[in-house]
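Worksheet: one structure, shown below.
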2 protein chains.
Amino acid sequence: MAEGKLLRSFLEVPRDSHFPIQNLPFGVFRRRGQPEGPPRPATAIGDFALDLAAVSAAAQETLNMFLGLGRPAWKEARATLQKILSADEPVLRDNEALRKNCLVPMSDVEMLLPITVGDYTDFFCSVHHARNCGFIFRGPQTPVNPNWFHLPVGYHGRASSVIISGTDIIRPRGQGHPTGSSQPYFGPSQKLDFELEMAAIVGPGNELGKPIDIADAEDHIFGLVVMNDWSARDIQAWETIPLGPFLGKSFSTSVSPWIVTLDALKPFACEAPKQEPEPLPYLAEKNHINYDIPLEAWIKPKEQSEASVVTKTNFKHMYWTVTQQLAHHTVNGCNLRPGDMFATGTLSGPEPDSLGCLLEITWNGQKEISVGNSIRKFLQDGDEVILTACCKGEDYNVGFGTCTGKILPSLP
Amino acid sequence: MAEGKLLRSFLEVPRDSHFPIQNLPFGVFRRRGQPEGPPRPATAIGDFALDLAAVSAAAQETLNMFLGLGRPAWKEARATLQKILSADEPVLRDNEALRKNCLVPMSDVEMLLPITVGDYTDFFCSVHHARNCGFIFRGPQTPVNPNWFHLPVGYHGRASSVIISGTDIIRPRGQGHPTGSSQPYFGPSQKLDFELEMAAIVGPGNELGKPIDIADAEDHIFGLVVMNDWSARDIQAWETIPLGPFLGKSFSTSVSPWIVTLDALKPFACEAPKQEPEPLPYLAEKNHINYDIPLEAWIKPKEQSEASVVTKTNFKHMYWTVTQQLAHHTVNGCNLRPGDMFATGTLSGPEPDSLGCLLEITWNGQKEISVGNSIRKFLQDGDEVILTACCKGEDYNVGFGTCTGKILPSLP
């Protein structure tokens with residue numbers, strides 16, 4: 001089956017849809033109103049979820065096993081789905097009973113976390129974000145630590161609190177900096193923030209002690225999702241020396257439900273930023289690419305009917321590519337497993353209106369921004385944050401849908 | 001069934017055994033030479049593993065489900081096991097066929113990782129270790145960061161590379177500090193170290209957004225294991241700013257196979273260090289206790305027939321208790337799951353011969369120590385590290401066995 005602009009589905013897919021036949025992301029859903037119903041693997045096509053269990057023997061409750069099969073199996077599944085959904089293929093097009101059984105309107109599905117996340121790693125790969133955070137937290141001397149240009153700095157995140165888009169976020173409580181000689185502040189976070197990130201989902205893993213060569217790294221990455229690395233800046237600032245972020249992050253991490261495959265993203269590949277100094281050989285790659293994925297963050301305050309955009313940035317600003325992240329992660333022998341997540345870190349761009357979190361946008365609350373007819377330094381209770389990503393092609397888009405979450409008040 | 005010194009098993013248990021009837025730790029084994037055989041939950045009694053699947057319907061391949069049941073179920077299982085193993089009870093004592101079927105000599109078992117580790121957190125709870133590391137890595141100004149006395153500092157570790165005692169450790173490769181304006185060093189770690197720690201194994205978890213009150217924290221902790229948090233100090237030192245340890249730790253973390261329950265450790269409870277300043281209310285506990293668990297680290301160089309002790313310390317030096325760690329970990333709403341691990345951090349004591357890692361013992365390689373008739377600054381290929389822990393009672397011990405690992409050369 002040929003890829004590209006000529007391919008068309010028998011289903012009508014709106015021109016601006018995130019999910020044309022060229023995308024075909026993978027996810028897991030349950031029919032709305034059937035809380036006891038089994039989770040079903042699916043792909044998205046236009047405004048429908050295609051229930052894969054209804055068209056094949058696939059009946060896993062997560063995608064982990066499929067992810068472990070590797071790219072040949074993914075390509076075969078993709079080709080099969082493109083075939084049965086194409087305008088020229090009668091098998092599904094002309095079988096009304098089968099269509100009714102396997103095509104579920106998006107309005108009738110509840111998306112679930114598509115993978116069991118064994119381990120989740122958060123990298124720090126936008127130099128703009130690294131520089132701004134360094135400046136805010138450590139001052140102007142060395143905003144970017146010298147190691148940053150030699151390796152993709154990262155840390156382990158919390159896997160248990162990775163949640164699916166749409167889940168509410170309870171404002172975390174915790175300790176913030178003491179003022180003077182007082183006890184530290186304790187209470188609801190006063191600096192609750194979003195972080196606009198993407199995350200790579202690992203396919204086949206590696207055995208402990210056997211690094212993955214950078215030349216093979218791409219074969220171990222299934223696809224990408226949009227991620228909100230919710231952050232409590234006051235908790236983070238107080239706890240973080242010397243072992244890094246912990247409770248300022250671990251209360252929730254939201255991901256978008258549809259994993260967009262690298263195969264679908266190929267037409268949007270672009271050169272990654274030139275690296276200076278040259279990376280060490282284990283990080284040097286022939287095909288040093290990012291993807292041109294425009295990203296947006298919106299906030300919808302409770303009392304407003306519309307969301308307002310607060311930043312526009314792009315995945316392509318990432319200095320260390322996902323393949324470099326993967327080669328680095330395993331160079332010490334660390335083992336990956338199917339379904340592991342690598343997040344990019346906040347994807348800030350170089351322009352003032354392309355910063356990926358409120359910490360940077362409001363310079364740690366030193367200035368306010370307008371959100372519709374409200375103002376914000378950090379997130380308030382009732383705010384809904386909507387992240388979205390969509391590659392714009394000449395004839396079609398390849399999108400990720402949204403990654404959303406609404407802030408609920410802290411526990412009393 | 002009464003606990004205490006009067007209880008005796010019908011099996012002869014040597015006086016210095018780690019596993020008398022007062023201990024009864026839980027683990028998972030496979031019969032040696034049966035690589036395809038199913039993992040079996042077990043308890044240890046003297047020199048035998050008691051196969052729990054052979055005496056009850058328990059046939060889980062890990063202990064996670066049992067851990068999730070909570071203390072009433074654990075106490076009932078413990079009481080039942082103490083009963084059937086006691087000298088006065090004929091059911092097993094007088095049934096040779098059953099004994100043959102369920103009591104497996106330790107020499108015939110291969111111990112397996114007893115739990116699926118969802119998330120693993122490493123704390124930093126010995127003030128002596130914190131002070132020494134701060135001094136070595138950051139200098140004498142503020143060796144202990146001000147937050148340390150207000151909260152149990154910790155970070156997320158890597159769950160995939162938690163391995164069972166006895167698994168070999170391949171020396172990791174990675175980047176170390178550049179000297180002057182050169183590229184960073186890349187190659188096998190030149191500062192490979194052990195860290196003598198213990199880890200708490202979580203029982204019932206909590207729902208995301210619902211913290212566990214410190215008064216209930218103990219009910220969520222099943223027991224303890226001995227842990228070696230292998231560390232590559234050169235990799236760690238270069239990568240760690242600003243997000244904390246990553247590849248310097250994630251190549252392997254070894255745990256001892258038998259989880260010793262808090263119930264078995266009760267007779268060895270002791271007051272925990274007085275805390276100054278007073279902890280915030282969410283960390284203040286009525287019953288502020290540690291356990292008196294003597295710990296030792298031994299090294300056996302390849303060319304020597306005997307291991308030599310390199311440090312002796314104690315679990316009781318921990319400033320922040322495991323219950324405080326748990327209350328802190330969840331105060332932001334972070335969810336725990338059965339089988340999660342909380343490690344203590346290196347359990348250094350106050351004396352020069354009670355330091356828990358070579359970084360401290362050799363002051364980052366500035367001095368050498370004798371190991372039998374060899375000298376060491378850091379670990380060499382072929383070295384086997386043996387950690388052990390054993391509570392010494394008047395009439396019996398409650399021990400953990402050993403946590404071992406041998407260093408294999410790095411990949412070429």
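The values are calculated or read from the model by the stated rules, or taken from the named source; none is laboratory data. In this text the structure is predicted, and so the values were computed from the model without any measurement. Positions of Cβ are generated from backbone atoms using ideal geometry, with glycine treated the same way; all protein chains shown enter the neighbour counts.
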Take B:Thr116 and decide whether it is surrounded by fewer than 18 Cβ atoms within 10 Å (Cβ to Cβ) and within 14 Å of chain A (Cβ to nearest Cβ). yes
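I need the strands (runs of 3 or more DSSP E) fully contained in segment B:297-412, keeping only those with at least 1 residues that are more than 14 Å from chain A (Cβ to nearest Cβ) and more than 17 Å from the chain's Cα centre (by Cα). Lay out the reasoning, then the answer.
Values: elements: B:308-314, B:341-343, B:369-371, B:374-376, B:384-392, B:397-408.
Those strands (runs of 3 or more DSSP E) span B:308-314, B:369-371, B:374-376, B:384-392, B:397-408.
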Could we say that B:Leu7 is touching a strand residue (DSSP E or B) at 6+ places or on another chain (Cβ under 9 Å), surrounded by 15 or more Cβ atoms within 10 Å (Cβ to Cβ), under 20 Å from B:Ile84 (Cα atoms) and modelled with pLDDT under 95 here? yes
Tell me, yes or no, whether segment B:45-66 has at least one residue that is at positive phi, surrounded by 15 or more Cβ atoms within 10 Å (Cβ to Cβ) and either touching a residue at least 40 places away in the same chain (Cβ under 8 Å) or hydrophobic (A, V, I, L, M, F, W, C) (or both). no
Conditions (1) over 21 Å from the mean Cα position of the chain (by Cα); (2) closer than 27 Å to B:Gly33 by Cα; number of the one not met by B:Thr116: (1)
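Out of the residues in segment A:151-170 that are polar (S, T, N, Q) and in contact with a Cys (Cβ under 9 Å, 6 or more places away or on another chain), which is farthest from the other protein chains (Cβ to nearest Cβ)?
We begin by selecting, within segment A:151-170, every residue polar (S, T, N, Q); these are A:160-161, A:165, A:167.
Then keep just the ones that are in contact with a Cys (Cβ under 9 Å, 6 or more places away or on another chain); that gives A:160-161, A:165.
Working: A:Ser160: 5, A:Ser161: 6, A:Ser165: 15 Å.
Looking at residues that are polar (S, T, N, Q) and in contact with a Cys (Cβ under 9 Å, 6 or more places away or on another chain), I get A:Ser165.
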For segment B:234-281, name all the residues that are away from every other protein chain (no Cβ under 13 Å), part of a helix (DSSP H, G or I) and charged (D, E, K, R). B:Asp263, B:Lys266
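Among the residues of segment B:296-305, is any over 24 Å from B:Val117 (Cα atoms) and of a type in the set (Phe, Trp, Tyr)? Walk me through it before giving the result.
Within segment B:296-305, the subset over 24 Å from B:Val117 (Cα atoms) is B:296-305.
Restricting the remaining residues to those that are of a type in the set (Phe, Trp, Tyr) gives B:298.
Checked segment B:296-305: at least one residue is over 24 Å from B:Val117 (Cα atoms) and of a type in the set (Phe, Trp, Tyr).
Go through the residues of segment B:220-232 one by one and say whether even a single one is in a loop (DSSP other than H, G, I, E, B) and within 30 Å of B:Ala42 (Cβ to Cβ). Before you say what the answer is, go through the steps one by one.
Within segment B:220-232, the subset in a loop (DSSP other than H, G, I, E, B) is B:229-230.
In the following step, the residues that additionally are within 30 Å of B:Ala42 (Cβ to Cβ) were identified as B:229-230.
Yes, segment B:220-232 contains at least one residue that is in a loop (DSSP other than H, G, I, E, B) and within 30 Å of B:Ala42 (Cβ to Cβ).
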Could you give me the residue pairs with C-beta distances under 7 Å whose first residue belongs to segment B:94-105 and is assigned to a helix (DSSP H, G or I), whose second residue is surrounded by 15 or more Cβ atoms within 10 Å (Cβ to Cβ) and not β-branched (Val, Ile, Thr) wherever it lies, and which are 6+ apart or on separate chains? B:Leu98/B:Leu92; B:Arg99/B:Leu92; B:Asn101/B:Ala54; B:Cys102/B:Leu50; B:Cys102/B:Asp51; B:Cys102/B:Ala54
Which of the residues belonging to segment A:171-184 are surrounded by fewer than 19 Cβ atoms within 10 Å (Cβ to Cβ) and either among the β-branched types (Val, Ile, Thr) or not in a loop (DSSP other than H, G, I, E, B) (or both)? A:Thr179
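Run down B:Tyr282, B:Tyr291, B:Tyr319 and say which single residue is in contact with a Pro (Cβ under 7 Å, 6 or more places away or on another chain), of a type in the set (Ser, Thr, Tyr) and in contact (Cβ under 8 Å) with a residue 40 or more places away in the chain.
Numbers: B:Tyr282 fails: in contact with a Pro (Cβ under 7 Å, 6 or more places away or on another chain); B:Tyr291 fails: in contact with a Pro (Cβ under 7 Å, 6 or more places away or on another chain).
Criteria check complete, one pass: B:Tyr319.
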Verdict on B:Gly203 being in contact (Cβ under 8 Å) with a residue 24 or more places away in the chain, in contact with a His (Cβ under 7 Å, 6 or more places away or on another chain) and more than 10 Å from chain A (Cβ to nearest Cβ): yes
Might you let me know whether segment A:128-150 holds any residue that is more than 10 Å from chain B (Cβ to nearest Cβ), touching a residue at least 40 places away in the same chain (Cβ under 8 Å), crowded, with 23+ Cβ neighbours inside 10 Å and in contact with a helix residue (DSSP H, G or I) (Cβ under 9 Å, 6 or more places away or on another chain)? yes
